[in-house]
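Have a look at the structure below, then the notes.
The values are calculated or read from the model by the stated rules, or taken from the named source; none is laboratory data. None of these values were measured; they are calculated from a predicted model. Methodologically, a virtual Cβ is constructed for each residue, glycine included, from the backbone with ideal geometry; neighbour enumeration extends over all protein chains shown.
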Amino acid sequence: LPSHQPPLSPPPSPPRRYRLRGTHALHVVSAPEPTDITYENLELGFLERLIRLLLSLAFGYGVLLLGFALISLAPAIRKGIWSVGTGSNPLATSSSNATTQCTSTCNYMDHGGNLYLSAMDRLEYKQCYSFPYILNDTTRLSCDGLQICFGCFCRAALSIGQYSESLYCSTFSWLIAVQAASQVLSVLAVVIVNFISRIVLGLFIERVECIALRTLTATRYCRMLFMSQFASTAISTIIANAYLPGVASAIHGHLGALDGVIFTGLFPDMTPNWYRDVARSIAFSLLLTTLLNHAFVLFYKVWHIRCRRRSYRCLTAFELRDQLRGHEFLLAPRIGQVLCYFFVCMLLSGPFPLALVIGALHFGSSYWVEKYELLRLCRRPLHYGRALPDYLASTLPFAALWHLVFSAWAFSLQKTALSAAATAPTQRFLRGFFRKFGSAWSNVLGFTADQAALRLMQKNSLHFLVGLAICLILIVLMYVGGWILSTVGFVRAFVDARKMAKRKAAAERRRLKVL
């Protein structure tokens, strides 16, 4: 060194927590692209980020609960058929009291529990309903107590879709309109909730949470939108129409204005009426959502034509470029909606194969429509990192779990022969497993643990249960296997390092002995 320069001092020693002692496995990740960083969001502290996250989650779950309340209006209306009417209605009481009064007074069921009314009873019930205070001229019997039977039979027949009785029950023809209105309300509630959640979640995640990376923002938006739309389209609709006596009795009198609105479903099992009221509503909501998505693309096309025709009014190149600039192609909500459609179709495809046709129509039409929108109408799309496709690829396998669980319950029927694979050890294992949750089965669904185990061991459903077990094992291996292998590799590297250190120590001792 030159004489006029001071000697170089050693660099300062780093703190102990940053020192590398021995061999360490480094977790090296690539830095995000500079264009992917929202620099003003880096200034937010941990506490502020936590508060923003909790606020966003609270608002998102609030929208979901509001959607569940709207979807629950349809089964509440159908259940209210037993307690509403026109004029003097002897059934103007609660639905449970009305059904109890009907079954104890009238006889319109056969031995199999199906609706049946003989010709003599048809004439007698209708005359007693029209003239309740005189003797029946046909049978010369008093109508005391039989005034409600005509209404009971008509309400029961029209509420389960036996529209062949509409001529006989012309007095209660308004029930058909109520049934149709409840179906329309259920479909519109699902579509409106999904549309609102798409807008609200986008605003809150982008402007309230303020995530630093644009890719992570898109991934979180996609995840929240998928969970919200899947819950409102399928899960909320199924739960709102299910007969859950334990839940209904537990929350009775504690919900204020919502008391008697939510958890008022009528379907304890997968009956034909369930497909008419629940599965058909989900199918129509999927089709209507697809049509609305394509209608928005048509609107953008018309708007683009209008902007091109008005471009001659622009005075500067900046105004002309702004006039002809297309809308932004948002990838995150589209992937979230794709996941929602895929999960709903996989959920229903076992007992309701038409869901596969609806899914094929949606994906086929959306491919061509969105391809035209991307290439002809939108501006150049933004670039994202690999977090968004990684989330899509890691979420899709879980659709098989929903499919197997729902199919196992849908294809299990009461009083059906057991499967040949239901051996004695299998029966003991399933019975013991379900008995651990016995109170949940009885309080929620009204089933005992043994009844639930017998249903899933039937020949139509046990193979779904076996497939569910295999799928769970594969998913656990797929997601936990990498962590297990990395742990084994770390332990092996640690053992090799210890062996190498012992060899070096032994060699050093031998060298010292020689000296």
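Residues that are of a type outside the set (A, V, I, L, M) and farther than 22 Å from PHE226 by Cα: does region 381-403 have at least one?
We begin by selecting, within region 381-403, every residue of a type outside the set (A, V, I, L, M); these are 381, 383-386, 389-391, 394-395, 397-398, 402-403.
Filter once more, keeping what is farther than 22 Å from PHE226 by Cα: none.
Looking for residues that are of a type outside the set (A, V, I, L, M) and farther than 22 Å from PHE226 by Cα, one finds none in region 381-403, hence no.
The rows are residues; the columns are (1) surrounded by 11 or more Cβ atoms within 10 Å (Cβ to Cβ); (2) under 24 Å from the mean Cα position of the chain (by Cα).
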position: ASN460; (1), (2): yes, no
position: VAL466; (1), (2): yes, yes
position: CYS471; (1), (2): yes, yes
position: LEU477; (1), (2): yes, no
position: VAL495; (1), (2): no, no
position: ALA505; (1), (2): no, no
position: ARG509; (1), (2): no, no
position: LYS513; (1), (2): no, no
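Working carefully through the options ILE239, ILE235, find the one that is surrounded by 17 or more Cβ atoms within 10 Å (Cβ to Cβ) and in contact (Cβ under 8 Å) with a residue 24 or more places away in the chain.
Working: ILE235 fails: in contact (Cβ under 8 Å) with a residue 24 or more places away in the chain.
So the residue among ILE239, ILE235 that is surrounded by 17 or more Cβ atoms within 10 Å (Cβ to Cβ) and in contact (Cβ under 8 Å) with a residue 24 or more places away in the chain is ILE239.
Restricting to region 460-472, give me the number of residues that are under 16 Å from PHE433 (Cβ atoms) and either among the β-branched types (Val, Ile, Thr) or not in a helix (DSSP H, G or I) (or both).
The total comes to 2.
Take LEU213 and decide whether it is in contact with a Pro (Cβ under 7 Å, 6 or more places away or on another chain), modelled with pLDDT of 85 or more and under 17 Å from ARG198 (Cα atoms). Give the steps one after another, and end with the answer.
Values: in contact with a Pro (Cβ under 7 Å, 6 or more places away or on another chain): yes; modelled with pLDDT of 85 or more: yes; under 17 Å from ARG198 (Cα atoms): no.
Criteria not met by LEU213.
So, in region 144-188, of the ones that are of a type in the set (D, E, K, R) and over 35 Å from the mean Cα position of the chain (by Cα), which residue ends up surrounded by the most Cβ atoms within 10 Å (Cβ to Cβ)?
Of the residues in region 144-188, the ones of a type in the set (D, E, K, R) are 144, 155, 165.
Next, from what is left, pick out any that are over 35 Å from the mean Cα position of the chain (by Cα): 144, 165.
Values: ASP144: 9, GLU165: 17.
Across region 144-188, the extreme among qualifying residues is GLU165.
Looking at region 46-55, can you tell me whether even one residue there is within 30 Å of SER285 (Cα to Cα) and modelled with pLDDT of 55 or more? Write out each step before concluding.
Residues of region 46-55 within 30 Å of SER285 (Cα to Cα): 55.
Pick out the ones that are also modelled with pLDDT of 55 or more and you get 55.
So far as region 46-55 goes, yes, one or more of its residues are within 30 Å of SER285 (Cα to Cα) and modelled with pLDDT of 55 or more.
Could you please find all residues in region 173-184 being among the hydrophobic types (A, V, I, L, M, F, W, C) and either outside the structural domain of LEU66 (by TED's automatic domain parsing) or modelled with pLDDT under 85 (or both)?
Kept after step one, since they are among the hydrophobic types (A, V, I, L, M, F, W, C), are these residues of region 173-184: 174-178, 180-181, 184.
Residues satisfying the conditions are TRP174, LEU175, ILE176, ALA177, VAL178, ALA180, ALA181.
With (1) in contact (Cβ under 8 Å) with a residue 24 or more places away in the chain; (2) over 26 Å from the mean Cα position of the chain (by Cα); (3) over 23 Å from THR290 (Cα atoms) as the list, and TYR391 as the residue in question, which single condition is left unmet?
(2)
Looking at VAL208, VAL191, VAL200, which is the one that is under 15 Å from the mean Cα position of the chain (by Cα) and surrounded by fewer than 23 Cβ atoms within 10 Å (Cβ to Cβ)? Don't jump to the end; show me each part of the working.
On the way: VAL208 fails: under 15 Å from the mean Cα position of the chain (by Cα); VAL200 fails: under 15 Å from the mean Cα position of the chain (by Cα).
None of the other options fit; the residue is VAL191.
Hand me the list of helices (runs of 4 or more DSSP H) wholly inside region 249-350 holding 2 or more residues that are surrounded by 16 or more Cβ atoms within 10 Å (Cβ to Cβ) and in contact (Cβ under 8 Å) with a residue 60 or more places away in the chain. Talk me through it step by step, then tell me what you get.
Numbers: elements: 280-309, 317-324, 331-348.
Result: 280-309, 331-348.
Suppose we keep only residues that are of a type in the set (A, V, I, L, M) and touching a Phe, Trp or Tyr at 6+ places or on another chain (Cβ under 9 Å) within region 84-121. Which one would you say is modelled with the lowest pLDDT?
So the first thing to find is which residues in region 84-121 are of a type in the set (A, V, I, L, M), and the list is 84, 91-92, 98, 109, 115, 117, 119-120.
Adding the requirement that they be touching a Phe, Trp or Tyr at 6+ places or on another chain (Cβ under 9 Å) leaves 91, 98, 109, 115, 117.
Working: LEU91: 44, ALA98: 58, MET109: 77, LEU115: 76, LEU117: 80.
Looking at residues that are of a type in the set (A, V, I, L, M) and touching a Phe, Trp or Tyr at 6+ places or on another chain (Cβ under 9 Å), I get LEU91.
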